[in-house]
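The values are calculated or read from the model by the stated rules, or taken from the named source; none is laboratory data. Keep in mind it's a predicted model, so treat the numbers as computed, not measured. Cβ sites come from the backbone with ideal geometry, for glycine too, and all protein chains shown count toward neighbours.
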Amino acid sequence: MRDPLYVPFNDQVLIIATDNSGGIGMKEKDLVKVPYHVVSYYSFRVAVMECMAAGGFPVSIVMQNFCGESVWEELKEGIQEGLDELGLDIPITGSTETNMELLQSALGLSVLGTGGKSASTEALPLQEANLAVIGKPLVGAEVVEESRSIAPLQLFKQLWQNERVTILPVGSKGIADELCRFLPGIKIENIENIGIKLDLHKSAGPSTCFIISYPADLEQEIQEISGNFFNKITLSGH
């Protein structure tokens, strides 16, 4: 699942965002070996960023654990780390597969949110778009090895709270694909030189970076807030 689900609920909207991972953990046949609190932290990161960017305020978390019953608490620790970064205190529930033991680790995680800002995936008028990438696309073992290049959740929340900033987390299809969602009339094959030294087509794994649009008068403030995570986008010929 890539896009959040919007469900009308009384006089509000329930916004559900989901992430999953497989072959990442501490089982013998896992392809990437990392502790389970790291697995759940990054899975939560993706789902909560998707939920919030779509206009939701997180209210609960549902976890589907296929890593083993013994690691449930460690998985919760990783989610709690993310909640602490965002200053949130919301319940965590879920289920563990205990009948069958899998050869590889697997985890599914959903964040449920309500109400909030307007959806961030709406196309923006090109002439009004001031764009930047916050963070760096990383995937697999790079997420651990280059963790200092990952856009922090605290920074994500700080920018999200500004109603004049629109946010779109970058997924597995990369920066170029997400820009095409942001900007009407732009084709992915035409996005090659946008003024940043990042791989535009590389997966961002657990949303290690995100795209923002903002009015020009906010640029200095955003640069100061974002520091080295800020990568300004310049679309040639536009």
- prompt: If you scan the range 23-32, which residues turn out to be loosely packed, with under 14 Cβ neighbours inside 10 Å and more than 21 Å from residue 204 (Cβ to Cβ)?
  reply: 28, 29
query: From the set of residues in the range 88-118 that are modelled with pLDDT under 90 and buried (at least 17 other Cβ atoms within 10 Å of the Cβ), which is farthest from residue 170 (Cα to Cα)?
result: 116
task: Could you please let me know if residue 20 is at pLDDT below 95, in contact with a Leu (Cβ under 7 Å, 6 or more places away or on another chain) and surrounded by 15 or more Cβ atoms within 10 Å (Cβ to Cβ)?
output: yes
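Looking only at the range 8-48, count how many residues are outside any helix (DSSP H, G or I) and not charged (D, E, K, R).
Within the range 8-48, the first condition is being outside any helix (DSSP H, G or I), and the residues that meet it are 8-35.
From the residues that got through so far, the ones that are not charged (D, E, K, R) too are 8-10, 12-18, 20-26, 31-32, 34-35.
Count: 21.
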- prompt: Taking the range 42-57 as the region of interest, how many residues are on the phi < 0 side of the Ramachandran plot and surrounded by fewer than 22 Cβ atoms within 10 Å (Cβ to Cβ)?
  reply: 1
field: Near pairs, Cβ below 6 angstrom, 6+ apart or cross-chain, from the range 80-107 (assigned by TED's automatic domain parsing to the domain that holds residue 58 and in contact (Cβ under 8 Å) with a residue 12 or more places away in the chain) to any residue that is among the acidic types (Asp, Glu) and surrounded by fewer than 14 Cβ atoms within 10 Å (Cβ to Cβ)
entry: 96/69; 98/69
task: Would you list the helices (runs of 4 or more DSSP H) that sit entirely within the range 128-238 and hold 2 or more residues that are within 21 Å of the chain's Cα centre (by Cα), more than 24 Å from residue 21 (Cβ to Cβ) and modelled with pLDDT under 90?
output: 175-182
- prompt: Only one residue in 66, 9 is over 23 Å from residue 152 (Cβ atoms), surrounded by 16 or more Cβ atoms within 10 Å (Cβ to Cβ) and touching a residue at least 12 places away in the same chain (Cβ under 8 Å), so which one is that?
  reply: 66
query: Cβ-Cβ below 6 Å, separation at least six or inter-chain, first residue in the range 217-230 and assigned by TED's automatic domain parsing to the domain that holds residue 134, second among the β-branched types (Val, Ile, Thr): which pairs?
result: 226/134; 229/134
